[in-house]
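Every number here is computed from the coordinates shown, using simple stated rules; none is lab data. Everything quoted here is computed from the prediction, not taken from an experiment. A quick note on method: Cβ atoms are made from the backbone with ideal geometry, for glycine too, and the neighbour counts reach across all protein chains shown.
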Amino acid sequence: MRAGRVLRALRASEGYTMVELLIVLVILTTVLTALTSLFLAGARAEIESNRRFEAQQDARLAADRMRREVHCASGVTVASAASITVHLLGHCPTAINGQPTDVVYAVQPVSANRYELRRAGVRVADHLTSDQVFAYTPQSPASRALLALDLQVNTHPNEGWKTWRLETDIVLRNTLRE
């Protein structure tokens, strides 16, 4: 009789059963897992976006620096589509000690489908997808010499749709029309 009274008191008391607690725990774990995966995906996307932006910005800065130097140069010697030598005059801001200086821009492989552009051995742009960067058109009676620059940047070269391309032509101002 006493056991029946205790059993009735337990049934009448308000609370949660073990099954209900386990169901709530499973639902909470599922929701938290989904939220964590969304947070991590967003963080990875932001990091990838920053890497892509930095690679593109490096290419822009390299092209701007090359433009300033080529505009000031007396000429350019093209060894291949991956290497040029810029002949700077003594008055150029990047000339060494006010003396005529030769600066080499070269594309070097880093790994499969990844190249970097180096100026005098120092990296100025990375994550290039091609080593065919330079094209030179010599001066003619109608125009001055022209250096075409084609920088294709992609932090994931296997995903071609993410390739960003910077194409520009740089006129050698110190060359004369023939």
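Observations, loosely collected:
- Against the chain, whose longest principal axis comes from its Cα atoms, helix 2-12 is set at around 40 degrees.
- If R0 is taken as 41 Å, the Cβ-Cβ distance between residue 120 and residue 39 corresponds to a FRET efficiency of 0.40.
- Among 14, 159, 69, a tally of other beta-carbon atoms within 10 Å of each Cβ gives an order, fewest to most, of 14, 159, 69.
- Listed values [x] 1.09; [y] 2.02; [z] 1.35, entry calculated as Cα Rg over 2.2 N^0.38 Å: [y]
- Separation in nanometres of the label points that stand 7 Å from Cα toward Cβ, at residue 67 and residue 142: 2.5 nm
- Fluctuation leader among 50, 97, 154 - the chain, Gaussian network, Cα springs under 10 angstrom: 97
- Rounded tilt (10° steps) of 18-72 against the dominant C-alpha axis of the chain: 10 degrees
- Percent RCO, i.e. relative contact order, over the chain, from Cα pairs under 8 Å lying at least 6 residues apart: 17 percent
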